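Reviewing the structure listed below.
Nothing in this text is a laboratory measurement; each read-out follows from the coordinates by a stated rule. Everything quoted here is computed from the prediction, not taken from an experiment. Cβ coordinates were reconstructed from backbone atoms using ideal geometry, including for glycine residues, and neighbour counts include every protein chain displayed.
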Amino acid sequence: MLSLWAMQTQMPRFPKLQEDIRTDVLVIGGGMAGILCAWFLKRAGVECVLAEGGALCGWNTGNTTAKVTSQHGLLYDELVRKEGMETAGLYLAANLSAVEQYAKLCQKLGSPFERRDSYVYSVNDQGRLEKEMGALEKLGYRAQFSDALRLPFSVVGGVRFADQGQIDPLDLASRLVKDLTVYERTGIREIAKEGAVTDDGRRIEADQYIVATHFPFWNRHGLYFMKMYQQRSYCIALEGAQDVEGMYVDEAANGFSFRSAGRYLLVGGGGHRTGKEGGCWQQLRQFAGRFYPKAKEVCSWAAQDCMTLDRIPYIGRYAKHLPGVWTATGFNKWGMTSSMVAAQILTDEILGKESPFARVFDPSRAMRKGPLLRNGMEAAGNLLALSKKRCPHLGCALKWNGAEHSWDCPCHGSRFSAEGMLLDNPATDKL
Ligand code: FES
């Protein structure tokens, strides 16, 4: 199923690597995070190669709703309470800066960047919205409370961040990659002392490596399989639905999200942990039938997101004692904004500048025991479950996903087609 972006933009194609090469920085993974890292590094004069195992933006960047905002659900009240004012403030500042970086970049490259207000709304819990407003006030950010939202159902209100943005991810990516050295169909198997090794046994030697492969593929370091899981969410594009004039997400986990894209309205929702049951497109279609009965669905697609246990992405050194290897992952459904945060932090780090935000996103930061234990128990249950279909990543039992006709892994989110082809990592092999 093609997303609206993929229907509108054909990404440029690049060759497969056919020889051993050397570069200053190898970026592994050709989604928005990897592309932005390569682009900013190249602009700073660093020689950079980007290697993508499939096609550029063929995984999640092509399937995002492409909201660019520093408002990530009702996050700041939780961050202030659990991580403290300093961390919450730096997280906010990093994301506000990312929004402005997109605005500048899109203007420079001639790609659309539309200023839009972003809202988190609630249908019945004004208290949660008020707590978020309180946390934002403490952080010195002027959010507004609004009870007149352009949604087709009644809400108790919404927290508004003014002047955020929305982009067309493939239009922007297609412009960014024009001047980059890119190899497609060039999957990286491992990073050895002598360089990164491709699926075909070619070597790319580099001084530094950035792993931007959505879910990091290297299990030996960093323990990402313990501190992340994946979530699927669904989207439909409607023609003939009223413009909501903003970007909206529900504070409730099973709610809907909205944004316009030209003459279309994108409605998202139906999400669930990968490998579990959820509302999928059916829930979206029921909603659209009720609230937009005259609108026509023009396309539908699904996205997959890496979720961290403290709701903060992992951006920085892949592992504490692993020099020269960096990663950017765990974007918690805010992939476009977090990709820019990652590009800013990793470019600074590689250039030897101190990023003011690096500490907040450090992948080696301490994790709370409760969420770690719960995530570990979930994986353990699926490891012990009886099933003939086992995931080649770490051996968990796969579940059949009837809505998408795929075998999905509830442990860390790898997915496979009915024929066994790899659809989503961290697995690197087909069934
Ligand atoms: Fe890790 Fe399946 S994705 S075991």
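For Trp5, Trp400, what ranking results if the residue with the fewest other Cβ atoms within 10 Å of its Cβ goes first? Spell out each step's value before the answer.
Working: Trp5 27, Trp400 13.
Least crowded to most crowded, the residues run Trp400, Trp5.
Find the relative contact order for region 324-418 and round it to a whole percent, using C-alpha pairs within less than 8 Å whose residues are 6+ positions apart.
Numbers: 73 pairs, mean separation 12.3, N = 95.
Reported relative contact order: 13 percent.
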The residues Met133, Met247, sorted from fewest to most surrounding Cβ atoms within 10 Å, come out as Met133, Met247
For the pair Arg81 and Phe145, the simple spin-label estimate (label points 7 Å beyond Cα toward Cβ) gives in nm 1.7 nm
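So which trypsin sites (Lys or Arg not before Pro) in region 326-365 end up in coil per DSSP with only 13 or fewer other C-beta atoms within 10 Å? Intermediate results must be reported in sequence, preceding the final value.
Numbers: sites: Lys333, Lys353, Arg359, Arg365; in loops: Lys333, Lys353, Arg365.
Sparse-neighbourhood loop trypsin sites (Lys or Arg not before Pro): Lys353.
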Along the dipole axis of the chain (charges at Cβ: +1 for Lys and Arg, -1 for Asp and Glu; origin at the Cα centre), the most positive-end residue among Val120, Trp400, Phe145 is Trp400
At the level of C-alpha centres, the distance separating region 137-167 and region 298-357, in angstrom, is 26 Å
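Using a Förster distance of 51 Å, how high is the FRET efficiency between Gln282 and His321, based on the Cβ-Cβ distance and rounded to 0.05?
Details: r = 47 Å, r/R0 = 0.92.
Calculated transfer efficiency: 0.60.
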Computed for region 155-222: size of charge dipole around the Cα centre, +1 on C-beta of each Lys and Arg, -1 on C-beta of each Asp and Glu, debye to nearest 20, value 160 debye
Of the candidates Ala385, Leu322, Thr347, the farthest towards the positive dipole end of region 308-389 (Lys/Arg Cβ +1, Asp/Glu Cβ -1, centred on the Cα centre) is Ala385
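Suppose the chain between Arg189 and Lys138 were pulled fully straight at 0.36 nm per residue; how much longer would it get relative to their current alpha carbon spacing?
Values: separation 51, 0.36 × 51 = 18.36 nm, distance 4.63 nm.
Here the segment from Arg189 to Lys138 would lengthen by 13.7 nm.
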Going fewest to most other Cβ atoms within 10 Å around each Cβ, Thr327, Thr428 line up as Thr428, Thr327
For region 1-97 the GluC sites (Glu not before Pro) that pass both the DSSP coil test and the at-most-16 other-Cβ-within-10 Å test are Glu19, Glu47
Beyond 25 Å (Cα-Cα) in this structure, taken from Lys320/Lys353; Lys82/Lys227; Lys108/Lys178; Lys399/Lys430; Lys104/Lys131; Lys333/Lys399, we find Lys104/Lys131
Those cysteines in the chain that have no second cysteine Cβ within a distance under 4.7 Å are Cys37, Cys48, Cys57, Cys106, Cys235, Cys280, Cys299, Cys306
Net charge near Lys67 (other residues with Cβ under 10 Å of its Cβ; Lys, Arg +1; Asp, Glu -1) is +3
Answer in debye to the nearest 20: the dipole magnitude of the chain about its Cα centre, from +1 Lys/Arg and -1 Asp/Glu charges placed on Cβ, is 620 debye
Note on region 249-394: contact order normalised by length, alpha-carbon pairs under 8 Å, 6 or more apart, percent, works out to 14 percent
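Could you give the size of the charge dipole of region 348-431 about its Cα centre, using +1 on the Cβ of each K and R and -1 on the Cβ of each D and E, expressed in debye and rounded to the nearest 20? Kindly include the intermediate steps, with their values, before the conclusion.
Details: 12 positive and 10 negative charges, 86 e Å.
Charge dipole, region 348-431, about its Cα centre: 420 debye, nearest 20.
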Per the rule of 0.36 nm per residue minus the C-alpha distance, extending Arg263 to Ser154 adds in nm 36.9 nm
Rounded to the nearest 500, the 222 nm mean residue ellipticity computed for the chain from DSSP H runs (n ≥ 4, each -39500 (n - 2.57)) alone is -8500 deg cm²/dmol
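How high is the FRET efficiency between Asp24 and Glu100 when r is their beta carbon distance and R₀ equals 25 Å, given to the nearest 0.05? Spell out each step's value before the answer.
Values: r = 28 Å, r/R0 = 1.11.
The calculated FRET efficiency here is 0.35.
What relative contact order, as a whole-number percentage, does the chain give when Cα pairs under 8 Å and 6 or more residues apart are counted?
On the way: 962 pairs, mean separation 82.5, N = 431.
Dividing the mean separation by the residue count of the chain yields 19 percent.
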Extension length gain for Lys369 and Ala252 (0.36 nm per residue less Cα distance), in nm, is 39.6 nm
Taking the alpha-carbon centre of each part, the distance from region 39-73 to region 269-288 in Å is 26 Å
Dipole check, region 50-209, charges on Cβ (K,R +1; D,E -1), about Cα centroid: among Val182, Ala98, Ala55 the Cα furthest to the positive pole belongs to Ala98
If R0 = 25 Å, then Phe291 and Ala403, at their Cβ-Cβ distance, give a FRET efficiency to the nearest 0.05 of 0.70
